[in-house]
Amino acid sequence: MKRNLIIIFLFLIFFNSKASSHALHYKDLVSLEYDILHNNKIIGFHKFNFNKKSDFLHVISEGEFKVTKIGLEIMNYQTRTEEKYKNNQLVSYNSKTLQNDKTKYVNLKLNNTTLVYEINGSSFTGNVENKDSIIGSWWNHEIIKKNKQISAISGRILPQKVIFLGKKKININGSEYMALHFHFISDNDKPLDKKKLNIHVWYDEKTLLWLKSSYDKIGNWEYRLKKVQY
């Protein structure tokens, strides 16, 4: 127990020193592209494009995948998102997602007077304080420090607990990384297999780039880094 506390304490010192230069991690980033795998088979992609000018960062993403079984299409998913930051603070977020015949959406903006996020989403409409909340965009490593995650698809508010599981070398498409491994779970008393949020995420120790994520829901799903462009 004592050893685990020491590891967590040392990690927090390391991570806070990294996070203080948050803008530096993304200022030269042009794009990130991920393969989406279902049961270890590539079925789609998700790509993020970054445009930084002065104090503003504009991130547009597009993703899609299809799941088939015995030749029949059982899931067709398409999403497009747009994030706008000023001085590293999210000021607006918009997304539209088509999942089979169902449309999901999020329209979020920061109220500069009350410092709350005003959310109009397909699963939640209301306000949430921005201090401890973050949109569920896994590319942004700041997500590990927040208590609430705002669903990037529906706007649902998900209280979260983040557990640091250590670091290890992993191989992504032939490249080796020293990865920081986190487990994100819903912060409630439900059994692990009943939690809305239950996902493993890995970030590169040196750059804090999102390397991959993995979760189980009707099979195993994985988002795996394919390409980085600077």
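The values are calculated or read from the model by the stated rules, or taken from the named source; none is laboratory data. Remember, predicted model here, so these are calculated numbers, not experimental data. A quick note on method: Cβ atoms are made from the backbone with ideal geometry, for glycine too, and the neighbour counts reach across all protein chains shown.
Observations on the model:
- Residue count for the range 203-215, restricted to those that are farther than 18 Å from Ile42 by Cβ, without any contact (Cβ under 8 Å) to a residue 40 or more places away in the chain and either in contact with a Leu (Cβ under 6 Å, 6 or more places away or on another chain) or not in a loop (DSSP other than H, G, I, E, B) (or both): 2.
- Consider the range 168-202 and keep the residues that are more than 16 Å from Gln149 (Cβ to Cβ) and surrounded by 18 or more Cβ atoms within 10 Å (Cβ to Cβ). The one that is nearest to the chain's Cα centre (by Cα) is Trp202.
- Single residue of Lys18, Lys47 found to be at pLDDT below 95, outside any loop (DSSP other than H, G, I, E, B) and surrounded by 12 or more Cβ atoms within 10 Å (Cβ to Cβ): Lys18
- If the condition is being of a type outside the set (S, T, N, Q) and within 19 Å of the chain's Cα centre (by Cα), then the range 87-109 contributes Leu90, Val91, Tyr93, Lys96, Leu98, Lys104, Tyr105, Val106, Leu108, Lys109.
- For the range 172-218, a tally of residues being among the polar types (S, T, N, Q) and within 21 Å of Gln229 (Cβ to Cβ) returns 4.
- Qualifying positions in the range 163-198 - touching a residue at least 40 places away in the same chain (Cβ under 8 Å) and small (Gly, Ala, Ser): Gly166
- Restricted to strands (runs of 3 or more DSSP E) entirely inside the range 102-197, those with at least 1 residues that are aromatic (Phe, Trp, Tyr) are 102-111, 116-121, 157-172, 175-186.
- Of all residues in the range 62-82, those that are surrounded by fewer than 17 Cβ atoms within 10 Å (Cβ to Cβ) have Cβ atoms under 8 Å from Cβ atoms of residues that are in a strand (DSSP E or B) and basic (Lys, Arg), 6 or more apart or on another chain, in Glu62/Lys47; Glu62/Arg80; Glu73/Lys66; Met75/Lys66; Asn76/Lys66; Arg80/Lys96.
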